[in-house]
Amino acid sequence: MISYVDTSAFLAVLDAGDENHQKAREKWKDLIVNEAILVTSNYVLVETFALIQHRLGMEAVREFQDDIVPILTIEWVNENVHQAGVMGLLAAGRKRLSLVDCVSFALMRQLGIKTVFAFDKHFREQGFQCAP
């Protein structure tokens, strides 16, 4: 099974205070036990590192880097995917939709990934299957 992983899932897994923490931990364990291929982008990683550092501190950043990043398949965003994300963002014209999300949508479509581990409603709105 291949699953794209969004920042919202990474944060929920790491932050015990997150409202989705328990569901996220259970889903994370399920993905690991079933040896899912966990795909994310370098854009998601930049966003995740910044939010973890701000919300949880440097020790959590180290934990993320040491324990989670090594098991990820990282897709590096090229110019075409970046431009598709920008066009999607501008076409949507929504304040709460991010460039990182739009780039993720474009990348998932390019790679043929239909399932995402995320707590962000925008993925469902775009037709992706959200887990949990």
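A short reminder: the numbers here are calculations on the coordinates, not readings from a lab. Please read these numbers as outputs of a predicted model, since none were measured by experiment. Glycine gets a Cβ as well: all are built from the backbone with ideal geometry, and neighbour counts include every protein chain shown.
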Exactly one of Ala92, Ala84, Ala118, Ala106 is closer than 20 Å to Glu26 by Cβ and surrounded by 15 or more Cβ atoms within 10 Å (Cβ to Cβ), and that one is Ala118
Which count do you get for residues in the range 41-56 that are surrounded by 13 or more Cβ atoms within 10 Å (Cβ to Cβ) and either in contact (Cβ under 8 Å) with a residue 60 or more places away in the chain or of a type in the set (Gly, Ala, Ser) (or both)?
3
Among the listed residues Arg94, Arg62, which satisfies the condition of being among the basic types (Lys, Arg), within 16 Å of Phe123 (Cα to Cα) and more than 17 Å from the chain's Cα centre (by Cα)?
Arg94
Within the range 14-33, is there a residue that is under 20 Å from Asp101 (Cβ atoms), in contact with a Leu (Cβ under 7 Å, 6 or more places away or on another chain) and part of a helix (DSSP H, G or I)?
yes
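Name the strands (runs of 3 or more DSSP E) wholly within the range 57-132 that hold at least 3 residues that are touching a residue at least 40 places away in the same chain (Cβ under 8 Å)?
So the answer is 115-117.
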Does Arg124 meet the test of being within 24 Å of Lys23 (Cα to Cα), basic (Lys, Arg) and touching a strand residue (DSSP E or B) at 6+ places or on another chain (Cβ under 8 Å)?
yes
Name the residues in the range 102-120 that are of a type in the set (Gly, Ala, Ser) and on the phi < 0 side of the Ramachandran plot, would you?
Ser104, Ala106, Ala118
